[in-house]
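The values are calculated or read from the model by the stated rules, or taken from the named source; none is laboratory data. Owing to the predicted nature of the structure, the values given are computational and were not obtained by experimental measurement. With ideal geometry, Cβ positions are generated from the backbone for all residues, glycine too; neighbour counts draw on all protein chains shown. To get the accessible areas, we keep the full protein, side chains included, count just its heavy atoms, and leave off ligands, DNA and RNA. Shrake-Rupley method; radii C 1.70, N 1.55, O 1.52, S 1.80 Å.
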Amino acid sequence: MKKRKILVTGGMGYIGSHTVVELQNAGCDVVIVDDLSNSNAAVIDGIEKITGIRPMFYKEDCLNKSGLEMIFEAEEGIDGIIHFAAKKAVNESVQKPLYYYRNNIMSLINLLELMAQFGVKNLVFSSSCTVYGQPDHLPVTETAPVKTATSPYGNTKQICEEIIRDTSAADANLNAILLRYFNPIGAHPSALIGELPNGVPMNLVPFITQTAAGIRPELKVFGNDYNTPDGSCIRDYINVVDLAKAHVVALDRMISGKNKQKVECFNIGTGRGLSVLELVETFQRVNGVPLPYKIVGRREGDIEQIWADPAYANDELGWKAQETTDDTLRSAWKWQMHLAENQKKEAES
Ligand code: NAD
Ligand code: WQD
């Protein structure tokens, strides 16, 4: 039987690299397109070490349509595409809105046009729980209204979702699954791939691991005066390998014709809300490392609490988050130690 061929844009990035591993584990041929603007060429070595297979890799910017077209020509018979390639830093998007709108929206448009040109029918799109803002009801379901975006980054996700819906409505061949990720954390249990934050991390878990490793003096916990049991914000932290597996089942659903609508949307979260202080406590307990932290004022733009109702993904996709928070935070720490070892080796050589 012919192996499924999956094109993965942004496949060298954090979530993309974990998904490439799961696709290869599921027997797919993977073609990665990434411009390495927020990732490292060595990521492919980690993928190869884990799976024994080196995926095809094209260093290309999705904004370069003719370059992308050559890849579609060279890689005939693509069964599906996962589109991760995007800029994702909320603060940076406020400073450079046009850069974000161009990168995130034009990349998608180029891809959709080439999908139509080359008869590629199935798309999985990386969306985000950010589209819900602060939901009126918790846990949040996929039917909750999309709230006005609070950043250009968030707005690109909303606009991209709409572009996909409109394009699929006009094109009988195009199926899409929008996966709304909650907060992805952790790393592959092998510690051969993980998150590579650029500069000072904005996200909680990389900041925690860098603080525990002594790279940052202390974690600032943004606010303990929220209307939550311990006063800190609540999120739904999803293990990145669990998240990666959701992409494999989403693609399978479309390729095997089991999708019920041309465009479907799923929450990808655990269904559990965890506060910042609970996460900090769990990290210290499971890894046996101290984490200096202090409570500071609220961070502008933060929502108070959100966690997923993943029932629709559980029932329809047959996907469910499996990993415990304890194991996920162990994997995050193992990855940080791996990065430190690599840096030490580089400094010595
Ligand atoms: P990442 O930055 O690690 O990965 C994105 C990859 O895309 C990088 O390797 C980067 O080099 C590449 N890329 C960016 N623009 C490109 C372009 N124009 N052409 C080719 N390659 C390009 O980010 P991630 O955390 O893995 O996120 C992947 C996707 O998931 C993004 O679309 C992001 O918006 C979305 N998402 C992420 C989170 C999160 O918290 N990490 C949450 C929700 C949604
Ligand atoms: C989590 C919690 C902070 C850092 C962002 C994007 C969102 C999505 C995921 C892509 C919050 C607190 C954090 C720190 C802290 N990305 N915190 N000290 O804000 O939920 O979501 O990433 O789509 O769009 O906005 O994630 O990891 O930044 O913060 O106290 O140094 O940790 O206040 O409550 P967030 P995060």
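Observations on the structure shown:
- In the structure shown, the pairs Lys5/Lys147; Lys121/Lys245; Lys5/Lys334; Lys88/Lys258 are assessed against 26 Å; a Cα-Cα span above that value is assigned to Lys5/Lys147; Lys5/Lys334; Lys88/Lys258.
- Largest accessible area first, the listed residues Glu264, Glu162, Glu278 line up as Glu162, Glu278, Glu264 when surface is computed with a 1.4 Å probe on the assembled protein chains.
- Sites Gln261 and Asp225 - FRET efficiency at Förster radius 41 Å, r taken between beta-carbons, to 0.05: 0.45
- Quarter of Cα convex hull surface for the chain, i.e. mean projection, nm²: 17.5
- Working note: Karplus 6.51/-1.76/1.60 with θ = phi - 60° gives segment 15-28 the couplings 6, x, 5, 5, 6, 4, 4, 5, 5, 5, 4, 8, x, 8 Hz, where Gly and Pro are set to x.
- Along the axis of the charge dipole computed for segment 178-336 (Cβ charges of +1 for Lys and Arg, -1 for Asp and Glu, origin at the Cα centre), the listed residues Val289, Phe266, Ser256 are led at the positive end by Ser256.
- Relative to the Cα centre, the charge distribution of segment 1-79, modelled as +1 at Lys and Arg Cβ and -1 at Asp and Glu Cβ, gives a dipole magnitude of about 280 debye.
- His188 - accessible surface, heavy atoms, 1.4 Å probe, Å² rounded to 10: 20
- Percent RCO, i.e. relative contact order, over the chain, from Cα pairs under 8 Å lying at least 6 residues apart: 18
- Beta bridges by DSSP in the chain, antiparallel share as percent, to the nearest 5: 5
- Computed from point charges on the beta carbon alone (+1 for Lys and Arg, -1 for Asp and Glu), the dipole magnitude for segment 39-146 about its Cα centre is near 340 Debye.
- Straightening the chain between Asn64 and Asp302 buys 82.2 nm, computed as 0.36 nm per residue apart minus the Cα-Cα spacing.
- Positive-pole candidate from Gly301, Gly27, Val205, dipole of the chain, charges at beta carbon: Val205
- MRE, 222 nm, helices only [DSSP H, n ≥ 4, -39500 (n - 2.57), over the chain, to nearest 500]: -12000 deg cm²/dmol
- When only the Cβ of Lys, Arg, Asp and Glu is charged (+1, +1, -1, -1), the dipole of the chain relative to its Cα centre reaches about 160 debye.
- Two-decimal ratio, segment 116-202, of alpha-carbon radius of gyration to 2.2 N^0.38 Å: 1.34
- Neighbourhood net charge (11 Å Cβ-Cβ; Lys/Arg +1, Asp/Glu -1) for Leu274: -2
- Summed residue charge, Cβ within 11 Å of Val241's Cβ, Lys/Arg positive, Asp/Glu negative: -3
- Shape of segment 207-349, Cα gyration tensor, a/c cut at 1.5: oblate
- The amide H of Glu264, built 1.01 Å from its N in the peptide plane, has Ala176, Ile177, Leu178 as neighbours under 5 Å, considering only residues 5 or more places off or on other chains.
- Taking a ≥ b ≥ c as the square roots of the Cα gyration tensor eigenvalues, segment 98-162 comes out oblate, since a/c reaches at least 1.5 and a/b does not exceed b/c.
- Choice from Ala308, Ala321, Ala42 showing the highest fluctuation, given a GNM over the chain with Cα pairs closer than 10 Å: Ala42
- Gap separating the Cα centres of segment 21-91 and segment 162-192, nearest whole Å: 15
- Among 109-119, 251-261, sorting by the average number of other beta carbon atoms lying within 10 angstrom of each residue, highest first, gives 109-119, 251-261.
- Extension gain for Ala170-Ala26 works out to 48.7 nm (0.36 nm per residue, less the C-alpha to C-alpha distance).
- Cα gyration tensor shape of segment 1-76, rounded if a/c is under 1.5, else prolate or oblate by comparing a/b with b/c: oblate
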